[in-house]
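Asker: Quick one: this structure, given as structure tokens, is what I'll be asking you about.
The values are calculated or read from the model by the stated rules, or taken from the named source; none is laboratory data. Just so it is clear, the structure is predicted and the values come from calculations on it, not from any experiment. Heads up, the Cβs are rebuilt from the backbone with ideal geometry, glycines too, and the neighbour counts pull from every protein chain shown. In case anyone asks, the SASA skips ligands and DNA or RNA and just uses the protein heavy atoms, side chains included. Shrake-Rupley method; radii C 1.70, N 1.55, O 1.52, S 1.80 Å.
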Amino acid sequence: METVVSGIRPTGNLHLGNYFGAVKSFVQMQNEYNCYFFIADWHSLTTHPKPGNIIQSARTILAEYLACGLDPEKATIYVQSDVKEVLELYLFLNMNAYLGELERTTSFKDKARQQPDNVNAGLLTYPTLMAADIIIHKAVKVPVGKDQEQNMEMARKFARRFNNIYGLEFFPEPASFSFSEKALKVPGLDGSGKMGKSDGNCIYLYEDAKSIRKKVMKAVTDAGPTAANSEKPEVIQNLFTFLDIVSTKDTYDYFNEKWNDCSIRYGDLKKQLAEDIVTFNEPIRERIEEYMNNTELLDKIARQGAEKARESATKTIQEVREIIGFHR
Ligand code: TYM
């Protein structure tokens, strides 16, 4: 069975971008693949979270994974920092990763701009840690959103480079995967291109109906179409992308027709969209609350997941040590 790996940083609650970009695929893939889904708590250290928040933040994501339908009987669900073998592979990969290529990645450049007082080496080597996460289990598919494409290219590059250096076909080259045909980018409702925590434009899975309605009704629009069948400007296209993701096809078609014949009323569209998001969120929200109240269960699931993940990681790292020459 093919192996799948993916992870999410515990830097707050999951939002709709995380869900439709990644978690929805996790839920589908767990039935068909050998899946490893983790919580990337080491990766979240690049922004220096407070010590008191680390464990609780990971529990939150775990509760949300479970609430979305991830099943520990089907997939291995674990916390990154419970599998130290990943660090050894990270070190080996760093020895063959070059300053120039790491500095050129757009995510590094963006972060360096966003946090100029904290351009740390962890940020620089973010892609090697991510590659280690993936190839430690020899994954072939990685469900991620569109924003991770460059990191995925780097992961393939590091896997290929390792194979070339030692003249082996050891690590498969991992491919990005999405349940939709193309990698997904869930837009923000503030007119920006992407929903993201640092952009403050998120709708969270844990968000209540009142707050969802408020955010959706505030979404940026324009003065309306002036000619039939015209192309949608980005802010309007964003709303339609949302309809496409959370509403029924009939709803999408209805508003699309209204756009095309210039009779669209954005207020109606937003009202419908808000209700569809509320309907989607409500059951997940209830389950998140149930899991969050059961710390014992969460910790047990994390312990069992760590054990299974370590088994797979240990096997790979022992082989890697041999290949590199660490054998007596
Ligand atoms: P992170 O924590 O920023 O985001 C988690 C996942 O959510 C997706 N995502 C989106 N997809 C579509 N539209 C959006 N607006 C949107 N916002 C977020 C991301 O693409 C991602 O799939 N580097 C990773 C975490 C990571 C990882 C890994 C992933 C660490 N190691 C190994 C896969 C494999 C990250 O920061 O994701």
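Asker: Of these, PHE158, PHE171, which one is assigned by TED's automatic domain parsing to the domain that holds GLY100 and touching a residue at least 40 places away in the same chain (Cβ under 8 Å)?
Answerer: PHE158
Asker: Right, here's the next one. In this structure, is GLU153 open to solvent by 60 Å² or more (accessible area, probe 1.4 Å) and within 12 Å of the ligand (Cβ to nearest atom)?
Answerer: Against the criterion (open to solvent by 60 Å² or more (accessible area, probe 1.4 Å) and within 12 Å of the ligand (Cβ to nearest atom)), GLU153 does not qualify.
Yes/no matrix, rows are residues, columns are (1) open to solvent by less than 10 Å² (accessible area, probe 1.4 Å); (2) touching a Cys at 6+ places or on another chain (Cβ under 8 Å):
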| residue | (1), (2) |
| --- | --- |
| GLY17 | no, yes |
| MET29 | yes, yes |
| TRP42 | no, no |
| TYR65 | yes, no |
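Asker: Looking at (1) within 28 Å of SER312 (Cβ to Cβ); (2) open to solvent by 60 Å² or more (accessible area, probe 1.4 Å), find the lone condition where GLY122 falls short.
Answerer: All conditions are met except number (2).
Asker: Mind checking which residues of the stretch 148-192 are at negative phi, in a loop (DSSP other than H, G, I, E, B) and at pLDDT 95 or above?
Answerer: LEU168, GLU169, PHE170, PHE171, PRO172, GLU173, PRO174
Asker: If you don't mind, there's one more thing I want to ask. Can you tell me how many residues within the stretch 20-38 are over 21 Å from SER312 (Cβ atoms) and within 8 Å of the ligand (Cβ to nearest atom)?
Answerer: So the answer is 3.
Asker: While we're looking at this one, here's another question. If you take just the helices (runs of 4 or more DSSP H) that sit entirely in the stretch 88-147, which of them hold at least 3 residues that are in contact with a helix residue (DSSP H, G or I) (Cβ under 6 Å, 6 or more places away or on another chain) and within 12 Å of the ligand (Cβ to nearest atom)?
Answerer: 126-135
Asker: So which of SER44, SER6 ends up being near the ligand (Cβ under 9 Å from one of its atoms), within 30 Å of ILE323 (Cβ to Cβ) and of a type in the set (Gly, Ala, Ser)?
Answerer: Of the residues listed, the single one that is near the ligand (Cβ under 9 Å from one of its atoms), within 30 Å of ILE323 (Cβ to Cβ) and of a type in the set (Gly, Ala, Ser) is SER6.
Asker: Condition first: of a type in the set (Gly, Ala, Ser), touching an Asp or Glu at 6+ places or on another chain (Cβ under 8 Å) and farther than 23 Å from SER180 by Cβ. Now tell me which residues in the stretch 206-263 satisfy that.
Answerer: Within the stretch 206-263, ALA209, ALA228 qualify.
Asker: Now for a separate question. In the stretch 44-63, what residues are closer than 24 Å to THR125 by Cα, part of a helix (DSSP H, G or I), open to solvent by 20 Å² or more (accessible area, probe 1.4 Å) and not polar (S, T, N, Q)?
Answerer: Of everything in the stretch 44-63, those that are closer than 24 Å to THR125 by Cα, part of a helix (DSSP H, G or I), open to solvent by 20 Å² or more (accessible area, probe 1.4 Å) and not polar (S, T, N, Q) turn out to be LEU45, PRO51, ILE54, ILE55.
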